[in-house]
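The block underneath contains the structure these notes are about, expressed in structure tokens.
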Amino acid sequence: MVGTIANAVGIVLGGAVGFLRKNHLASATERWLKLVVGLLTAYVGLRLTWASVQGTVGQMLQQLGITLVGMILGKLVGRVLRLQKLSNALGRFARCEIEGVSPGAARFADGFKTCTVLFCAAPLSILGSVQDGLSAYSAPLLLKAVVDGFTASALARQLGWGVVVSAVPVLAWQGTITLIARAAAPWLEAHELVGSVHATGGLLVFSVALVMLGLKRIALAEYLPALLLAPLLTALLM
């Protein structure tokens, strides 16, 4: 669970830095860091997808086609399950908590519950943990560690030490997903379905990058069922 551990450490370090430093990062620096992380996220997603399709050109196109169909069906299932509305509701809750707490007035619980929601509800929390569990590919969670670290640093003074301790539920949540993925890995490998999960996850990570860079608004949570549907379609059609 290298990625999950790194994510938790990033939150702790970011929160600690937030308490120690006196001034926020300059706006230009924040924009530059956001651009760099967004581009790295795009690269990680595309690289994961490219490495997951194999065979002749025709076979690779077939695999990508099945992956795209799985994502379309996943979006339909996610919409029925109202996953994006749930994600939006969690985001609004966190935003309202942050806006409602003035610096120095926060209780421990304020920072803890707010940052737990922020860090655990992020799409990369699930996507990265699945990749980490299936093949120890921790790059998505390492990028999330950087993003969460900067977020923790920015919120620490306002929300208190609960921000730092939110690393514990992040460790538990993402670690559980990683262990479930690791348990499923032998069965997926035996049926040659790991590539399908990785290809889907890579495209979703790339979609996260598009949102981070402000290039496109995507209901990311609605696509999460594709992680299950894409390998199912692969098993049926290939």
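Residues being within 22 Å of residue 213 (Cβ to Cβ) and of a type in the set (S, T, N, Q): count how many of those fall in the range 8-38. Walk me through it before giving the result.
Let us first name the residues in the range 8-38 that are within 22 Å of residue 213 (Cβ to Cβ), namely 10, 14, 24-38.
Retained after the next criterion (residues that are of a type in the set (S, T, N, Q)): 27, 29.
So the answer is 2.
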Inter-residue pairs, beta-carbon under 6 Å, first within 24 Å of residue 199 (Cβ to Cβ) and in the range 116-133, second crowded, with 24+ Cβ neighbours inside 10 Å and of a type in the set (Lys, Arg), 6+ apart: 124/144; 128/144
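For the range 206-238, name all the residues that are farther than 23 Å from residue 59 by Cβ, assigned to a helix (DSSP H, G or I) and touching a residue at least 40 places away in the same chain (Cβ under 8 Å).
Selection gives 207, 208, 209, 210, 212, 220, 221, 222, 223.
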Residues of the range 25-84 that turn out to be closer than 21 Å to residue 134 by Cα and of a type in the set (Phe, Trp, Tyr), as a count: 2
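Of all helices (runs of 4 or more DSSP H) completely enclosed by the range 86-200, which ones contain at least 3 residues that are under 29 Å from residue 74 (Cβ atoms)? Before you say what the answer is, go through the steps one by one.
On the way: elements: 108-120, 123-135, 139-159, 162-165, 167-190.
Correct list: 108-120, 123-135, 139-159, 167-190.
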Per-region count, the range 122-138, residues closer than 14 Å to residue 5 by Cβ and aliphatic (A, V, I, L, M): 1
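Residues checked against (1) modelled with pLDDT under 95; (2) at negative phi; (3) surrounded by 18 or more Cβ atoms within 10 Å (Cβ to Cβ):
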| residue | (1), (2), (3) |
| --- | --- |
| 95 | yes, yes, no |
| 101 | yes, yes, yes |
| 115 | yes, yes, yes |
| 138 | yes, yes, yes |
| 155 | yes, yes, yes |
| 162 | yes, yes, yes |
| 172 | no, yes, no |
| 175 | no, yes, yes |
Selection from the range 44-64 of residues that are without any contact (Cβ under 8 Å) to a residue 60 or more places away in the chain, in a helix (DSSP H, G or I) and either hydrophobic (A, V, I, L, M, F, W, C) or touching a helix residue (DSSP H, G or I) at 6+ places or on another chain (Cβ under 9 Å) (or both): 57, 60, 61
Subset tally (residues that are in contact (Cβ under 8 Å) with a residue 40 or more places away in the chain and more than 17 Å from the chain's Cα centre (by Cα)) for the range 76-96: 3
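The values are calculated or read from the model by the stated rules, or taken from the named source; none is laboratory data. Only a predicted model underlies this, so the values are computations on that prediction, with no experimental measurement involved. No Cβ is skipped: glycine too gets one built from the backbone with ideal geometry, and neighbour counts run over all protein chains shown.
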